[in-house]
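Here the structure comes first, spelled out in C-alpha cells, and everything after it is commentary.
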Number of protein chains: 2
Amino acid sequence: MRLEQAAQLIGARQAVIVSDENVTRLFGERFPPAARIVVEAGEGAKRLETAGAVYRRLAELEVDRATLLLGIGGGVVCDLAGFVAATYLRGLPCGLVATTLLAQVDAAIGGKNGVNLERFKNLVGTIRQPEFVICDLDLLQPLPLAEVQCGLAEIVKHALIADAALFERLERNAAPLLALDPQALADAVTSSVRIKTAVVGRDEQERGERRMLNFGHTLGHAIERVRGVSHGAAVSIGMRAAVELSVRKGWLPAPAAERIEGLLTRLGLPVRAEGEPAAIIEALRRDKKREGGRLHMVLLRRIGLAEVVSLPLAEVEAALAGG
Amino acid sequence: MRLEQAAQLIGARQAVIVSDENVTRLFGERFPPAARIVVEAGEGAKRLETAGAVYRRLAELEVDRATLLLGIGGGVVCDLAGFVAATYLRGLPCGLVATTLLAQVDAAIGGKNGVNLERFKNLVGTIRQPEFVICDLDLLQPLPLAEVQCGLAEIVKHALIADAALFERLERNAAPLLALDPQALADAVTSSVRIKTAVVGRDEQERGERRMLNFGHTLGHAIERVRGVSHGAAVSIGMRAAVELSVRKGWLPAPAAERIEGLLTRLGLPVRAEGEPAAIIEALRRDKKREGGRLHMVLLRRIGLAEVVSLPLAEVEAALAGG
C-alpha cells in the first residue's frame, strides 16, 4: 500500500496527523490534507510529556471522537500516536503509516502502543488495534543501515518462530534485502506482517502464543541495556543464544543452528556479545528476581516452530559464554 | 460488601493501594496489607502529572503485570487508579473500593477512567472494567452534605431513565436518604449499581444505550462550568430542564414533571439555574459548534424510560429560562 491511500481510508472524516520532524521533512508533501502535530525525531519523543503536549494540541484543535488520528513515522511515532489515540477522550479511531522497516514489520503491527518513563521502556501504554496500517516500501529508502538491520532481525525472528519457507527465502535473498531490493523487501515485509498479525489475532493479550514474539528478546533487552548495542544487534545476539540453548536441549539439530547463525551474519548482524556474559546475567537476574533464578525463554523446536520453556539462569549464562 | 473483603478478592496476589490523604487518614487502618501510594485529596490529583508520579512509584516498587492495583477513594481516586491500571505495563488487574456516594453509584461503575488536562475534564482516559468494585456503606458517614447530594442526583437519574419503582421508593425515602439512613441508602446504592451495570453491560463503548446515562448531564456540564455550582446541583438543574423539554415535546405528562421536581427539591437539590440562561447556552454552543445549532439530549418518555433526541438550541434555551 502507498501513503497516498491513507486519504481514502480516512474518507469523509476529520483527521489529525502525528509525525516527527524528519518524516515530515522527507514526506510531508505526500501527507493527506489534515492538521499536523509534529514531534521531535528520535526516542526522546516517546515520553509521557510528549503525549501530554499532543493531548493539549488536540484539545486546542477541538478534536472530537469522530476524528481519526493518523500516525506517520517509525516505531516512536507509531507507539506514541497509538497511545494518544487509545487514551484521548477514551479512544479515537487510529491509522498508522509505518516509515521504517522496523515499524513496518514490528512496531506498527499488533496494537501495542506506549511511551517510556525515564529509563523504563514502554512502561505506560495499552494494547489497541489501529483501524489500518500502511506499509509503503517507498518510504524506506533514506534509512541508515543499522535501522534496516533492526527490521531484518525481526523478520528473521518471524521466520524462525513460524515460517520455515520464509527462512529459506531470506537465506536466498540476504544480499538483495540488505540492498533494500524492492521485490525482496516486499516479500519479507508482507510475510512478516502476515505472521505477526496472525499470532496477535489468536492471542492479542499475550496470554500464550503471542509470547513467541519475544524470541531473542528476553536476552536481547538485557544485552541492549548492558552493552549499549542497537536493538537489532541485541536481538540477533539474543536469538543466537536462544538457538544455542535449543541445540543444548536436544531440540534443534546443529546444522539448523549453523544455518541461522549464517543468515544473521550475512545480514551484517552480530551473533555474540562482546566481553563477559556476567553483566548480562546480572541484568536478567535484577529484572526477574521474583522468579527465583529461572527465566522464561522462547526456544526453537525446529526452524519455523517455537516453544516457551523455563530455564535456570546458569544454563542461560553458559549459552551466552560458549557456543 | 465491606472494605475488609478486598483482601479475599486480592487473594494470593501482590497488591498496591492507590488512595488519597483523607481516605487514608479515615480508613487506613482497615486497608488490606499492601504497599500504598497516597495522592493529595481533591480534584487537583486528577492530573496526568499525578498519574506519572504513580507510574514512577509502581516502577520503583518493581510492580509487574501480576500485581493488582487497588483504588480506595472517591471519584478522583477511582478514575485515577483505573487509568493507571489500564495503562501501566499495558494493563494491571484493578479493583476499586468506592468511599463516596457519588463514586459508589457512578464513578466506580462502568469502567470509564481518566484524568483532566488543565481545564479539559476527563480528556485522557480509557474504558476498562475493574475486576471488582466494593461499595461499603460504612465508608460514607463522614461526607459533607454537598457530596451526598451529588450521589443522590445520580441515583435519581438512574431511576428516571430506567426504574419507575426505584423512583417511587426514592420519593418515600427522601428524608432517610438525606440522613444517610443505612437501609434507604443500601436500596438506593444497590439499585443504582444494578441499573448502571446493566446499561454498561449492553453498551460498554457508548454507541447507543449508554448515552442515556448522560440524562441531565449535557446541560449539567455547561451549568457546572458557567455557574460554578457543584456537579450534583448542576445535574439536578440539567435534569429539571430536560424534564421541562420532555413535557413541551408532549412526551411526559405535567404531573410526572411535578413529581420529579418535588423529589429533587426534597433532596435539597436546586432545580433552576440562577441568572440568565444566555451564558449557559453560549457554553453549549461553543462546545458543540460543529453540530450546527442543534444538541443531542436525553429526554424522558415517562418516568423510567428515556430516549435520545436532537433539539435546536433555541428550544433548550427556552426550557432553561422558563418552566
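The values are calculated or read from the model by the stated rules, or taken from the named source; none is laboratory data. Everything numeric here is computed off the predicted structure, so don't read it as measured data. All Cβ positions, even for glycine, are placed from backbone atoms using ideal geometry, and neighbour counts span all protein chains on display. All accessible areas refer to the heavy atoms of the entire protein, side chains included, with ligands and DNA or RNA removed. Shrake-Rupley method; radii C 1.70, N 1.55, O 1.52, S 1.80 Å.
Which residues, taken from segment A:127-166, are within 22 Å of A:L219 (Cα to Cα) and aliphatic (A, V, I, L, M)? Hits for segment A:127-166 are A:A146, A:V148, A:L152, A:A153, A:I155, A:V156, A:A159, A:L160, A:I161, A:A162. Among the residues making up segment A:260-274, those that are open to solvent by less than 50 Å² (accessible area, probe 1.4 Å) and not in a loop (DSSP other than H, G, I, E, B) are A:I260, A:G262, A:L263, A:L264.
Quick one: is A:E49 within 14 Å of chain B (Cβ to nearest Cβ) and assigned to a loop (DSSP other than H, G, I, E, B)? So A:E49 fails the test. In this entry, B:V115 is excluded by the filter for residues that are at the interface with chain A (Cβ under 8 Å from one of its Cβ atoms) and open to solvent by less than 10 Å² (accessible area, probe 1.4 Å).
Give the residues of segment B:129-144 that are out of contact with any Lys or Arg (no Cβ under 6 Å at 6 or more places or on another chain) and either in a loop (DSSP other than H, G, I, E, B) or modelled with pLDDT under 95 (or both), sorted by residue number. Can you show your working first?
Here is the first cut: in segment B:129-144, the residues out of contact with any Lys or Arg (no Cβ under 6 Å at 6 or more places or on another chain) are B:129-135, B:137-144.
The answer is B:Q129, B:P130, B:E131, B:L137, B:D138, B:L139, B:L140, B:Q141, B:P142, B:L143, B:P144.
When you check B:V18 against the structure, is it in contact with a helix residue (DSSP H, G or I) (Cβ under 7 Å, 6 or more places away or on another chain) and assigned to a strand (DSSP E or B), yes or no?
On the way: in contact with a helix residue (DSSP H, G or I) (Cβ under 7 Å, 6 or more places away or on another chain): yes; assigned to a strand (DSSP E or B): yes.
Spelling it out, B:V18 is indeed in contact with a helix residue (DSSP H, G or I) (Cβ under 7 Å, 6 or more places away or on another chain) and assigned to a strand (DSSP E or B).
Here B:A41, B:A12 are screened, and the one residue that is open to solvent by less than 50 Å² (accessible area, probe 1.4 Å), among the aliphatic types (A, V, I, L, M) and not in a helix (DSSP H, G or I) is B:A41. The set of residues from segment A:17-38 being touching a residue at least 24 places away in the same chain (Cβ under 8 Å), touching an Asp or Glu at 6+ places or on another chain (Cβ under 7 Å) and open to solvent by 60 Å² or more (accessible area, probe 1.4 Å) comprises just one member, A:R30. Screening B:R57, B:R13, B:R2, B:R65 for residues that are charged (D, E, K, R), within 14 Å of chain A (Cβ to nearest Cβ) and in contact (Cβ under 8 Å) with a residue 60 or more places away in the chain leaves exactly one candidate, B:R13. Restricted to helices (runs of 4 or more DSSP H) entirely inside segment B:164-259, those with at least 1 residues that are surrounded by 15 or more Cβ atoms within 10 Å (Cβ to Cβ) and of a type in the set (D, E, K, R) are B:164-172, B:182-202, B:217-227, B:231-248. From the list A:I17, A:I10, the lone residue that is among the aliphatic types (A, V, I, L, M), farther than 17 Å from B:L48 by Cβ and within 23 Å of the chain's Cα centre (by Cα) is A:I17.
Pairs meeting the criteria (first residue in segment B:138-154 and open to solvent by 30 Å² or more (accessible area, probe 1.4 Å), second residue polar (S, T, N, Q), beta carbons under 7 Å, at least 6 apart or on different chains) are B:L143/B:T100; B:A146/B:S230; B:E147/B:T100. Condition (residue is open to solvent by 40 Å² or more (accessible area, probe 1.4 Å), within 14 Å of chain B (Cβ to nearest Cβ) and at pLDDT below 95) applied to segment A:121-128: is it met by at least one residue? Checked against the condition, which is being open to solvent by 40 Å² or more (accessible area, probe 1.4 Å), within 14 Å of chain B (Cβ to nearest Cβ) and at pLDDT below 95, segment A:121-128 yields at least one hit. Pairs are defined by a Cβ separation below 6 Å, a sequence spacing of at least 6 or placement on different chains, a first member in segment B:157-176 that is closer than 11 Å to B:I195 by Cβ and hydroxyl-bearing (S, T, Y), and a second member that is modelled with pLDDT of 95 or more and open to solvent by 40 Å² or more (accessible area, probe 1.4 Å); no pair meets this definition.
Any residue in segment A:53-74 that is touching an Asp or Glu at 6+ places or on another chain (Cβ under 6 Å), farther than 26 Å from B:E206 by Cβ, assigned to a strand (DSSP E or B) and not hydrophobic (A, V, I, L, M, F, W, C)? Scanning segment A:53-74, I find at least one residue that is touching an Asp or Glu at 6+ places or on another chain (Cβ under 6 Å), farther than 26 Å from B:E206 by Cβ, assigned to a strand (DSSP E or B) and not hydrophobic (A, V, I, L, M, F, W, C), so the answer is yes.
Results for (1) farther than 13 Å from B:I127 by Cα; (2) touching a helix residue (DSSP H, G or I) at 6+ places or on another chain (Cβ under 7 Å), shown as yes or no for each residue.
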{"residue": "B:R65", "(1), (2)": "yes, no"}
{"residue": "B:L70", "(1), (2)": "yes, yes"}
{"residue": "B:G95", "(1), (2)": "yes, yes"}
{"residue": "B:T100", "(1), (2)": "yes, yes"}
{"residue": "B:Q104", "(1), (2)": "yes, yes"}
{"residue": "B:G110", "(1), (2)": "no, yes"}
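Hey, among A:V105, A:V97, A:V148, A:V156, which residue is in contact with a His (Cβ under 8 Å, 6 or more places away or on another chain), among the β-branched types (V, I, T) and either under 13 Å from A:T190 (Cα atoms) or more than 14 Å from chain B (Cβ to nearest Cβ) (or both)? So that I can check it myself, show each step before the final result.
Numbers: A:V97 fails: in contact with a His (Cβ under 8 Å, 6 or more places away or on another chain); A:V148 fails: in contact with a His (Cβ under 8 Å, 6 or more places away or on another chain); A:V156 fails: in contact with a His (Cβ under 8 Å, 6 or more places away or on another chain).
None of the others qualify; the one that does is A:V105.
Checking segment A:179-194 against the condition returns no match, with no residue being at pLDDT below 95 and closer than 13 Å to A:D106 by Cα.
Screening A:N116 against (1) part of a loop (DSSP other than H, G, I, E, B); (2) under 30 Å from A:A198 (Cβ atoms); (3) not aromatic (F, W, Y) leaves a single unmet condition, (1). Among the residues of segment B:130-147, the ones that are within 15 Å of the chain's Cα centre (by Cα) and over 20 Å from B:P32 (Cα atoms) come to 2 in all. For segment A:50-60, the count of residues that are modelled with pLDDT of 95 or more, more than 30 Å from B:R286 (Cβ to Cβ) and under 24 Å from the mean Cα position of the chain (by Cα) is zero. Of the residues making up segment B:124-133, just one is under 18 Å from B:T67 (Cβ atoms) and of a type in the set (A, V, I, L, M, F, W, C), namely B:F132.
Can you tell me how many residues within segment B:80-94 are open to solvent by 20 Å² or more (accessible area, probe 1.4 Å) and either within 11 Å of another protein chain (Cβ to nearest Cβ) or assigned to a strand (DSSP E or B) (or both)? Break it down stepwise before answering.
Start the filter on segment B:80-94 by keeping residues that are open to solvent by 20 Å² or more (accessible area, probe 1.4 Å), which leaves B:89-90, B:93.
Applying the additional criterion that residues be either within 11 Å of another protein chain (Cβ to nearest Cβ) or assigned to a strand (DSSP E or B) (or both) yields B:89-90.
The qualifying residues number 2.
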